[in-house]
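The values are calculated or read from the model by the stated rules, or taken from the named source; none is laboratory data. What you are looking at is a predicted structure, and each value in this text was computed from that prediction instead of being measured. Neighbour counts are summed over all protein chains in view; Cβ atoms, including those assigned to glycine, are modelled from backbone coordinates with ideal geometry.
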Amino acid sequence: MDNSLNLSTDTLSKIDEVVSKYPEKRSASLMVIHLVQDELGAVNNLACEWIARRLELEPINVKELITFYPMLREKPWGRKHVRVCRTLPCALRGSYGTCKTFEEKLGVKEGQVSEDGEYSLEFMECLADCGQGPVVIVDEKTYENVEGKSAEKFADLLIDGNLEESDDFQSYEDSLTQERKQ
Amino acid sequence: MIAPEKNELVVISLNGVEVEVPNGINAVEAAALHGKEVPHYCYHPKLSVAGNCRMCLVEMGTPMRDRGTGDPILEEDGTPKIGWVPKPVIGCATNVSPGMHLRTESDLVNECREGIMEFLLVNHPLDCPICDQAGECRLQEFATDYGRGYSRYIERKNVKPKRTRLGPRVTLDDERCILCSRCIRFSQEVAKDDVLGFVDRGSFSTLTCFPGKELANNYSLNTVDICPVGALTSTDFRFKMRVWFLKESKSICPESSAGCNTLVSSREGVIQRITPRRNDLINDTWMTDSGRALYKLVQAEDRIRRPSANGNDIPLDDAISRAFEILKGKKIGVVASCRSTLEEQFLTHRLIELTDAKVFIRGHFGEDDGILLSADRTPNLRGALVSGLSNYYPQDHLNDLNQSISDGEVESLLVIGEDLLESGVSQDNLSKVSVVFMGTHQNSTSSIAEVILPGLTVFEKSGSFINRSFFLQSFDQAIPGPVGLLSDCEIISRLHNLLTDEAAEFFKLNEIWKAMSSSKNSLLAGIEFSELKKGVIQLDGAKWEHLSFIEKEALHHKPLELTTS
Amino acid sequence: MSTTTPKERRIILKHADDPNYSNRIGCYLREGGYESLKKAFSMKPEEVGEEVLKSGVRGRGGAGFPAGMKWKFLDRKSGKPIYLICNADESEPGTFKDRQIMYKDPHQLIEGMMISAFAIGAKQAFIYIRAEFHEGARILERAILEAKQAGFCGNQILGSTYSCDLVVHRGAGAYICGEETGLIESLEGKRPNPRIKPPYFPAVLGLYQCPTIVNNVETLCNVRHIIEIGGEEFSNIGKPNNTGTRIWCVSGQVMKPGYYEFECGALTLGEMIFNVCGGLKPGRSLKAVIPGGSSAKVLRADERFTGSLKDGSEFDWGLEDIPLDFDGPMAAGSMSGSGGIIVMDDTVDIVEAMANVNAFYAHESCGQCTPCREGSLWMRKITQRMCSGGAREEDADLLLSVAKQIEGRTICAFGEAAAWPTQSFVTKFKDDFIKKASESSKERDSKSLQLI
């Protein structure tokens, strides 16, 4: 079997599983790209060709998707990727200020990766939690009401590596498991 | 897919006038049938419908029916009440139905066109002075006909890669691209080579190939033809000539028996490019890239321009006399060609019959690509059959000629275009015969021929070919041949007269056709020359059903055994 | 305006904020889950469809089309397999209701989907969830596994002969995947370019050119409750033609933004903003409200809305009087859309607000058809220029003209979604736009709210 990307057996078996769920192989494109990206950090041209072979497509069919969707990347983000929502409801509650704070604190411009590869910042479109905006997603955790002074604190905690344990900020996902004790 | 039935005619109302159109065709075609242009970019009659340029927006309404009973609702004067669709609809995706009402000239439609035109020009670079498409650019044409006439855009335009190499023969300028996706659909559906796609999104969408891959298939230049703007351009034609200087002549591609209809564009006797001509029975609107390159043969290094004898240039009349000297009284062999026109083959056949010459003919075969490059790489093999020149299916060699020379059955040869060494005639045998060579380009045979009579390429003469589906097609001369030459028909005719003491002169095509169509047993019986000039004539190839024609099933072609089985 | 706070009626979000309720199947079953599925399986599929039709439930994804009628359009004669797709690509700015359902009560969605799949005879069902809901996709997959093990999903559901597999498919961050044909294209693994309709109506030529139904998360959850209490009973909730409850998502500059579920028409926009959501921040006054996600037309705080409703009655409303259902905001010239109410107070620079919205649409346009692709970017460039000191007086009319050239001329409704905000903002706040020209040399006030 072609494993020129050196993917883990776990990823390879997940790919097999996901491809089998769809009536047509091409439908699994996004899911396979996600799996490859989760392991390799990004989907470069080589990975693109591998995925095309796996799904019996042309490489251009896969590249079309990767360049279309903002969450699919050809070059990896930083080790910690911070997404701030830009759209109107969050902007009304100060998300532009939040983004600027992060730019200053993390030392990286919006849309870029920091020089040491540690942080990257992305000013995204609506993240669907507008009532508690400004919304910030760090890697896969969604944080709410991150603005003004609280944004500065957030950035400091992130840099110190204490964000997850902090009591000041509980992610949406963690609040589910915390409150819901059976 | 949108696949209409094109059987009967129905009555629709086009801008208030009742007209008849075939049922199920789309509104753009229906309007065109009655002289009304509906401008469009992404629609192409030979590709699937995309509907993304939105230029063909028209107003459409259908007769209203009562929801409950299904009865037609009528106006006060008894005419059907028309339910107009509140938004304009795209004409290319709207198939006509009986009683449909279309408006292609209303205020709303004009506004739509102005709007779309404006949007297309908003990010379009001001490249007209350096763009090859100028003069045949749909953006230019529709902007003048349907645009607002002035620009309101003061922002910056998008920047994209310019003059990139998309493939060996195609140059891509992404800024000019209007994202109509014709090229992508063509590559997927006709050329069956899915290499093109759009990357990025929105107004930054860019046409490209995957890095490392190229648009290199043998139909890549068709994307240049169908690109409505100057985004895809031919690298060969780039910056060569402004199109309004070009004279266009109708021709047939001589590359293979597919018989693609072409348009030869020339200026002052020099061919600048070849493009396909639409023929719904044969090649749709496509042709091969390799076929287009054939115009380079005209000025090739090894082109024979002057008659000669034993290596010395002599006037044509002298050359013909010398040829006569070589052939008269000897055992003559004629190596005919499947590349000759039907008229030339007819005259050659007459010469052979009346001089009792032996005839030899070979085919040139290659890989059949299933589209428009057939396995038979000569344009008129069937002409040889129909004219009686050959009564067997030509093989890919001339071993029988080699044998005949060995057996002493031929002493002098009239060779039309072929390379005998390549065809299996031994060097030894070649030295035993005297050769009169008639052809356009030098080869090993012309270099040992005693007399060389220059021929004319397809572009320098008129004639007809019969293609793989037994379609008889004529083509016109596009450019004059080298100075001082006669057409192949005239040369053969003169030789014939000398060898047979006849005085018939077959120089003009219509005279030759009078003779060709008078023979009662021929397939060509009764064909009028004027009819031939008007269009394609289907001949019945049933007589040769038993022959194993080498062509496979391809675009608009089904081999005989598949159709009759 | 009443002085008592109208009461929510939580049907869908009944357990969403219950600290003792988890998203595992044990909890769901304890609270009576999957009983409706059993009830549906005791009926014939057509009967289930009839109940949904009787209930009058309208799509909660934005278009508000009656779900039962959409199911009726399904082409059952072709013999091709039928597919059910749940549109969980919640991306309309201002909307955050589907997230609550999927993260906190996923089994409700699964049950609703299985009932719907059974009703339409689907061969396979998909949940297209936006990629930003990382955990949501995992929660759903876990819930599906639980449901499968309990026989509520997958092979031979409830021991019957009906099988329907449920697949979670993640998107990758494109708003256009929320458009039903864009979603179908994305599910097929291609670029999510919406299809031209006609002829590609999903009910006839959908996923893999087979008949397909695409419904919103909330709509499918309602199906479970419709079967539970019956279609007719359901139609008594809310108002005629506006049946059931709706989850309204209020965001922007109110004291208590969040999600609230009310019967259709149970409260007015004013009651929502000033009672339920605690009003605006102290010292501020209301300037504008977008009632249905950013694609809906904006409503001015001091506007008056007059006309007659479908039942013939006349109305004369201020902004606060608009009833929160489907027809109310529509009568006021906007739409309830996805239920995302965005509130703006007087500190908001309207031109900047619109620039923010224009930037969203320019970024999210798929680029397939000319008017939306070029027009949305052009409008963004104009408003961006206006907000950085280059405004001209004629820009207001230019924006209106460009928006008019997009509306109605595109392949999908994204054209309208991009054009309506511009048209409504510029028309209703024309003075703000024209004034911008004279503010050209003003530097941004560091204290003012930056929106672009």
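Please work out if B:G83 is part of a strand (DSSP E or B) and without any contact (Cβ under 8 Å) to a residue 24 or more places away in the chain. Taking the combined requirement at face value, the residue satisfies it. Quick check on the range A:100-110. Is at least one of its residues crowded, with 24+ Cβ neighbours inside 10 Å and either among the hydrophobic types (A, V, I, L, M, F, W, C) or free of Cβ contacts under 8 Å to residues at least 40 places away in the same chain (or both)? Yes, that holds for at least one residue. Of all the residues in the range B:224-245, those that are part of a loop (DSSP other than H, G, I, E, B) and closer than 17 Å to B:W286 by Cα number 2. Between B:C253, B:C209, the distinction of being within 14 Å of another protein chain (Cβ to nearest Cβ) and hydrophobic (A, V, I, L, M, F, W, C) belongs to B:C209 only. Within the range C:7-20, the presence of a residue that is assigned by TED's automatic domain parsing to the domain that holds C:K104 and touching a Gly at 6+ places or on another chain (Cβ under 8 Å) is excluded. Among the residues of the range C:334-353, the one identified as more than 14 Å from every other protein chain (Cβ to nearest Cβ) and touching a Lys or Arg at 6+ places or on another chain (Cβ under 6 Å) is C:S334.
Filtered by the rule that a residue be of a type in the set (G, A, S), outside any loop (DSSP other than H, G, I, E, B) and either more than 17 Å from B:I537 (Cα to Cα) or in the same structural domain as B:R468 (by TED's automatic domain parsing) (or both), the range B:246-295 gives B:S249, B:S265, B:S266, B:S290, B:G291, B:A293. Total residues in the range B:270-326 satisfying the condition of being among the hydroxyl-bearing types (S, T, Y) and farther than 24 Å from B:L215 by Cβ: the figure is 2.
Taking B:G329, is it closer than 21 Å to B:L485 by Cα, out of contact with any helix residue (DSSP H, G or I) (no Cβ under 6 Å at 6 or more places or on another chain), at pLDDT below 95 and surrounded by fewer than 16 Cβ atoms within 10 Å (Cβ to Cβ)? No, not satisfied.
Checking every residue in the range C:173-183 against the condition of being assigned to a loop (DSSP other than H, G, I, E, B), under 19 Å from the mean Cα position of the chain (by Cα), surrounded by fewer than 24 Cβ atoms within 10 Å (Cβ to Cβ) and in the same structural domain as C:A122 (by TED's automatic domain parsing) gives at least one match. Taking the criterion of being on the phi > 0 side of the Ramachandran plot and at the interface with chain A (Cβ under 7 Å from one of its Cβ atoms), the only residue of the range C:83-141 that qualifies is C:G94. Checked against (1) free of Cβ contacts under 8 Å to residues at least 12 places away in the same chain; (2) in a helix (DSSP H, G or I), C:K436 passes all but a single condition, namely (1).
Every listed requirement among (1) in contact with a Gly (Cβ under 9 Å, 6 or more places away or on another chain); (2) within 12 Å of chain B (Cβ to nearest Cβ) is met by C:M330 save one, (2). Could you tell me whether the range C:9-29 includes any residue that is over 18 Å from the mean Cα position of the chain (by Cα), more than 14 Å from every other protein chain (Cβ to nearest Cβ) and farther than 20 Å from C:E263 by Cβ? Checking the range C:9-29: not a single residue is over 18 Å from the mean Cα position of the chain (by Cα), more than 14 Å from every other protein chain (Cβ to nearest Cβ) and farther than 20 Å from C:E263 by Cβ. Filtered by the rule that a residue be touching a residue at least 60 places away in the same chain (Cβ under 8 Å) and over 16 Å from B:Q473 (Cα atoms), the range B:338-365 gives B:L347, B:T348, B:R350, B:L351, B:L354, B:T355, B:R362, B:G363, B:F365. Taking the conditions (1) among the charged types (D, E, K, R); (2) in contact with a helix residue (DSSP H, G or I) (Cβ under 9 Å, 6 or more places away or on another chain); (3) modelled with pLDDT under 95 in turn, B:D289 satisfies each one other than (3).
Considering every residue within the range C:258-279, establish whether at least one is free of Cβ contacts under 8 Å to residues at least 24 places away in the same chain and either closer than 25 Å to C:Y361 by Cβ or part of a loop (DSSP other than H, G, I, E, B) (or both). There is no residue in the range C:258-279 that is free of Cβ contacts under 8 Å to residues at least 24 places away in the same chain and either closer than 25 Å to C:Y361 by Cβ or part of a loop (DSSP other than H, G, I, E, B) (or both).
Only one of the numbered conditions (1) within 12 Å of chain A (Cβ to nearest Cβ); (2) crowded, with 21+ Cβ neighbours inside 10 Å is not met by C:R284, and that is (2). Against the numbered list (1) touching a residue at least 24 places away in the same chain (Cβ under 8 Å); (2) in contact with a helix residue (DSSP H, G or I) (Cβ under 7 Å, 6 or more places away or on another chain); (3) part of a loop (DSSP other than H, G, I, E, B), A:N61 comes up short only at (3). Looking across the range C:193-238, the residues that are of a type in the set (S, T, N, Q) and within 14 Å of chain B (Cβ to nearest Cβ) come down to C:N193, C:Q209. Note on the range A:79-182: enclosed strands (runs of 3 or more DSSP E) holding 1 or more residues that are more than 14 Å from every other protein chain (Cβ to nearest Cβ) and not basic (K, R) are A:119-124.
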